[in-house]
Amino acid sequence: MVWDGLPQHRARLVTEFIRAQRGRLAIERLPAYAPELNPVEYIWGYWKHHELPNFCPRDFTQLSYQARRALRRMRRRPPLARSCWRQANLSL
């Protein structure tokens, strides 16, 4: 299991549950702030710099419309998503 440092993850109840698993559950804690380990951060970065650069919407409706179009274009490029996983050093 991989998780961040959320206070609930460190609660006594959770700690007792993990201990009760007697080694059947492996825990890997992420650093408090680690966007480089999150593939979604790379997808948003690509989206911002390549799909919608210099885009200044008139309103939320226009932003929503253009964002959905950009994400649909990105979805047609599976190698793009795979590269974001590789950049985060995660196996796919």
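Before moving on, here are some points about what is shown:
- Going by neighbour counts of Cβ atoms within 10 Å, the residues 59, 4 line up, fewest first, as 59, 4.
- Signed unit charges on C-beta, dipole axis of the chain, positive-most listed residue 78, 27, 3: 78
- Pairs of C-alpha atoms in the chain farther apart than 24 Å represent 46 percent of all such pairs.
- The relative contact order of the chain comes to 29 percent, based on Cα pairs under 8 Å that sit 6 or more residues apart.
- Sites residue 14 and residue 86 - FRET efficiency at Förster radius 35 Å, r taken between beta-carbons, to 0.05: 0.65
Quick note: the coordinates plus some simple rules give every number you see, no bench work behind them. Every value quoted in this text rests on a predicted model; they were computed, and no experiment measured them. Glycine gets a Cβ as well: all are built from the backbone with ideal geometry, and neighbour counts include every protein chain shown.
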